[in-house]
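Visitor: For reference, the structure I am asking about is given below.
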Amino acid sequence: MLKSKDFVKHKKTKNSTWVMISVLAVVVIASLAVYFYFFYFKNPGLAGMKSWVTSAESTNTAESALQDGSSGQNEAAPDLSIVGVIVERVETKAADPGNDGAENTIGIENTETTNKTDVAENINSTNTSAGTTGEGANTTPTTTSETSNVKKSGEIYIGDTVRYDILIKNNGAQPAKDIKIIDLPPDKLENISMAEGSGGSYDPFSRKIVLDVAEIGAGKTIKLSFTGFISNDLNDGEIITNKVSAFYKDASIAEQSTELSVTGLPDYTATLVKVEDVNGSEIWARDILKYSVIVKNSGKKTGGSVVLNCPVPTGTGYVDGTASKAGLILSPNKSLLQFNIGKIEPGSQKEVSFKVFVAEYLTFSTEIKSGFFITDGQGKISLENPSVTTEAFIFQTVVCMGDSQVVLSDYTTQLGTLLNNQYPHAVFNIISTGVKGEMANFAIQRFDKDVRIHNPDIIVIGYGDNDAGGPTGLYRYHMDILLKQAVSTGAKVVVYGVGYIDLSISKWLGKENYRTFNEILKSDICPKYGAAYVDLYGPMSKDFKKYIKEDGMHWTQEGATLVSGEVFKAVTAVLDNEGRTMTEIQE
């Protein structure tokens with residue numbers, strides 16, 4: 001037998017052991033509680049563990065119910081289904097979809113929930129929904145699969161912007177609560193964004209659309225909507241897949257994958273239209289232009305029945321025989337060239353060309369626009385047409401002022417011919433104003449009404465034949481005033497001196513100072529006003545009988561030709577290569 005003292009000691013030891021066991025049990029239970037809290041409740045992805053826990057809880061509940069004598073009933077998962085995935089074209093790059101005015105919508109719906117009967121040919125959809133067996137059903141959702149009919153109206157083209165409408169219905173008699181909808185858009189759907197008015201959010205990093213739904217009423221349907229761009233990286237007939245799932249308590253209770261076949265198109269927008277001036281860089285009236293068109297199919301599908309239509313641009317005319325011959329159709333009035341190109345494979349191109357002339361009436365700066373386009377049996381494809389602008393012709397007014405030499409000769413007419421031939425892009429309007437027997441002092445009096453009024457660009461002045469024999473100082477004075485008037489107009493001024501006077505003829509006796517007049521013009525008056533001086537005496541004196549009539553002063557036809565040539569040299573010295581007056585006279 002234990003002694004009293006030993007018994008007390010034994011009792012104390014036994015009590016300490018139970019205390020330690022109790023403390024250890026509390027620690028283990030607390031650890032398990034923390035573990036399940038962080039790794040189960042805070043991590044819904046561990047569906048298997050949750051199922052185990054749920055099953056265990058269910059078992060415990062059932063056992064408790066049996067022990068308590070109650071019947072016990074498990075909570076059933078909501079009965080949801082994806083009743084429709086509708087794809088609607090928002091924007092299309094197709095020239096003419098060719099659907100005879102039908103809605104640009106592709107719908108995917110279950111026959112049980114819709115009376116729409118259109119059946120698609122290019123969309124396949126598999127619907128998976130939760131199944132429950134009522135009282136006593138297993139609380140872990142089970143799924144059954146069915147293939148749903150689909151409806152299609154129109155085509156979805158590569159490059160289209162489309163809208164997806166996902167329809168989720170609660171088929172049960174009770175509200176479905178705490179539902180999560182997750183949609184995985186097609187891999188090659190770009191620029192995804194939620195549609196206006198739709199709930200949910202899109203994460204571009206995970207490429208998921210998530211919608212948390214607090215409650216879906218019994219028999220009610222909700223909609224998830226988003227838009228995206230069908231990638232140009234796709235090929236004709238390629239399939240894109242959208243997958244949507246509905247979750248209840250982190251378990252999938254409905255799923256649907258939708259396959260959509262996209263249609264490729266031929267694309268002619270990369271077609272290149274070029275125009276060049278055969279005559280040079282600047283385009284003028286009467287020039288020849290060459291149009292070259294490289295028809296390119298940068299699309300995903302072979303183009304058929306391709307016709308390039310080239311209306312001849314306004315202000316031009318077709319040059320006969322310059323168009324590419326293959327497939328050419330020329331309208332009777334030659335205002336339209338059509339090239340029947342036929343088929344063009346993706347990545348292929350064909351080139352045609354033709355020439356036109358620029359109408360001679362386009363002497364002002366005018367834009368020449370081309371309006372070429374392509375037809376392919378589906379519609380009209382406008383091209384990026386270049387335009388060119390013609391240079392404005394230079395219009396110059398030349399006033400030739402003088403005495404009888406202007407009246408009796410045709411030197412001014414010859415001068416106009418020389419200038420217009422020299423400058424094909426300029427028009428020289430020659431105005432002659434001469435008076436027989438006139439001297440410089442009378443020219444001063446009529447200058448404004450006969451010269452300034454024409455707003456001349458160039459003024460040619462010739463006096464001295466009738467002034468010769470008079471005071472030299474008076475001639476200098478009058479010519480100084482006359483040139484001052486001339487330069488005040490802003491025109492370039494050219495002055496020619498007296499050509500030749502045969503002093504052997506008695507009536508010209510006393511005109512010996514005409515050569516002094518020439519020197520005054522050359523050395524004094526013209527330099528003072530920046531006018532060009534033309535010496536006629538030098539060349540005429542070499543053979544004056546050829547250039548001077550028998551009267552000893554007036555010019556012969558050869559003389560007029562000589563004068564026009566010498567004045568022409570002086571005038572061209574103040575013009576650029578196109579016939580425009582320059583700022584400074586070239587020495």
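Where a number appears in this text, it was derived from the coordinates with a stated rule and is not lab data. Since we're looking at a predicted model, the values are computed, not measured. With ideal geometry, Cβ positions are generated from the backbone for all residues, glycine too; neighbour counts draw on all protein chains shown.
Visitor: Could you tell me the calculated FRET efficiency between ASP410 and ILE288, based on Cβ-Cβ distance and R0 = 41 angstrom, to the nearest 0.05?
Guide: Efficiency, rounded to the nearest 0.05: 0.75.
Visitor: Further question on the same structure: Near ALA491, within a Cβ-to-Cβ distance under 12 Å, what is the net charge of the other residues, with Lys and Arg +1 and Asp and Glu -1?
Guide: So the environment of ALA491 carries a net charge of +1.
Visitor: Moving on. Between their Cα atoms, which of LYS449/LYS542; LYS223/LYS249; LYS522/LYS546; LYS355/LYS492 are more than 31 Å away from each other?
Guide: Flagged as over cut-off: LYS449/LYS542; LYS355/LYS492.
Visitor: Which of ILE374, ALA323, SER305 sits farthest toward the positive end of the charge dipole of segment 272-389, with +1 on the Cβ of Lys and Arg and -1 on the Cβ of Asp and Glu?
Guide: SER305
Visitor: What's the FRET efficiency of ILE239 with VAL90 using the Cβ-Cβ distance as r and R₀ = 22 Å, to the nearest 0.05?
Guide: Approximately 0.60, to the nearest 0.05.
Visitor: Can you tell me the relative contact order of segment 394-572? Whole percent, Cα pairs under 8 Å, sequence separation 6 or more.
Guide: 24
Visitor: Report relative contact order for segment 172-277 in percent, whole number only (criteria: Cα-Cα under 8 Å, sequence separation at least 6).
Guide: This gives 31 percent for segment 172-277.
Visitor: Pairs of Cα atoms under 8 Å, at least six residues apart: use those to get the relative contact order of segment 272-389, whole percent.
Guide: RCO, segment 272-389: 34 percent.
Visitor: Here's a follow-up. Could you please state, rounded to a whole Å, how far the C-alpha centre of segment 475-506 is from the C-alpha centre of segment 521-561?
Guide: One Cα centre to the other: 11 Å.
Visitor: Return the distance in nm (one decimal) between the two label points of a simple spin-label model at ASN455 and THR322, each offset 7 Å from Cα along Cα→Cβ.
Guide: Placing both labels 7 Å along Cα→Cβ, they lie 3.6 nm apart.
Visitor: Related question: Which length gain, in nm to one decimal place, applies between ARG515 and GLN378 when the Cα-Cα distance is subtracted from 0.36 nm times their residue separation?
Guide: 40.8 nm
Visitor: No solvent, one uniform scatterer per C-alpha: report log10 I(q)/I(0) for segment 272-389 via the Debye equation at q = 0.11, 0.12 1/Å, two decimals.
Guide: Debye output, listed in q order: -0.37, -0.44.
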